[in-house]
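I have placed the structure first, in the form of structure tokens, so that the comments after it can refer back to it.
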Amino acid sequence: MVATFDKWRVSLLALSALFLAATAGTTTQAAGPGTMATGSLTSQPIGHYEFCSANPKECNVRSRRRGPLLLDEALRAQVSQINVAVNAAIRPMSDFDIYGRDEVWAYPDQGVGDCEDYVLEKRRQLAAIGIPLSQLLITVVRKPDGEGHAVLTLRTDKGDLILDNLRDDMRVWHETGYRYLKRQSGEHSGRWVTLIEDRNMLVGAVR
């Protein structure tokens with residue numbers, strides 16, 4: 001599970017994030033209907049940092065800023081099929097039970113994994129059918145019970161859709177009941193940005 005208070009964050013990561021935020025400034029990307037607003041650069045989750053160290057090519061993808069993915073019915077059906085299939089194929093198991101330690105982000109090639117591992121596998125399979133990685137963003141949220149959780153955000157012209165191992169249907173982000181903390185940058189797969197919740201839009205949706 002994602003550590004609720006990022007207790008495993010190392011000082012080097014924090015200093016790096018502060019430097020990046022200071023040099024880049026606080027830039028807010030305006031959100032359209034159903035789209036999350038992003039803020040400044042922030043620190044990577046420690047699990048993603050270690051995943052990137054082991055898989056540097058995956059975390060060094062730079063993309064031009066582009067509009068959301070055009071999601072027609074055929075593509076939506078493909079995405080839904082992959083989402084459901086991955087949820088069914090992986091048996092939930094904690095990092096400690098698998099690896100003997102917490103916060104290990106890895107592809108679930110042995111058929112077991114926790115929330116981040118479901119996300120990585122969905123991202124891999126959706127990229128394989130041609131969806132750009134800039135539209136497939138690992139996202140850290142807090143569940144209503146306060147527990148940290150990871151989901152995959154698919155940026156589309158129908159809104160930011162959430163693919164979640166806890167349910168098979170895809171929902172627009174503000175219909176999930178989660179509190180959104182941060183996600184991968186759409187412009188650099190190794191960087192993360194803060195998320196800004198529009199409380200006017202979220203009345204009755206996300207608490």
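What follows is calculated from the coordinates using simple rules that are stated; it is not laboratory data. Just so we're clear, the structure is a prediction, and the values are computed from it rather than from any experiment. Neighbour counts run over all protein chains shown; Cβ positions are idealised from the backbone, glycine included.
Could you give the distance between the Cα centres of region 72-133 and region 139-196, to the whole Å?
Result: 14 Å between the Cα centres.
Taking loop as defined by DSSP and a crowding limit of 13 other beta carbons within 10 Å, which trypsin sites (Lys or Arg not before Pro) in region 50-105 fit?
Numbers: sites: LYS57, ARG62, ARG64, ARG65, ARG66, ARG76, ARG101; in loops: ARG64, ARG65, ARG66, ARG101.
Loop-located and lightly packed - ARG64, ARG65, ARG66, ARG101.
Just how large is the dipole of region 11-202 about the Cα centre, in debye to the nearest 20, putting +1 at every Lys and Arg Cβ and -1 at every Asp and Glu Cβ?
About 700 debye.
Going by average Cβ neighbours within 10 Å, how do the peptides 183-190, 93-100, 117-124, 163-170 rank, with the highest at the top?
Values: 183-190: 20.4, 93-100: 13.4, 117-124: 23.1, 163-170: 17.9.
My ranking of the peptides, most packed first, is 117-124, 183-190, 163-170, 93-100.
How large is Rg/Rh for region 11-202, to two decimals, with Cα atoms and a Kirkwood Rh?
Numbers: Rg = 15.9 Å, Rh = 17.0 Å.
So for region 11-202, dividing Rg by the Kirkwood Rh gives 0.94.
Just name one of VAL141, TYR99, VAL86: the one whose Cα is farthest towards the positive end of the charge dipole of region 86-164 (beta-carbon charges, Lys/Arg +1, Asp/Glu -1).
So the residue furthest toward the plus end is VAL86.
Give me the distance in nm between label points sitting 7 Å out from Cα along the Cα-to-Cβ direction at ARG64 and PHE96, one decimal.
About 4.8 nm separates the two model spin labels.
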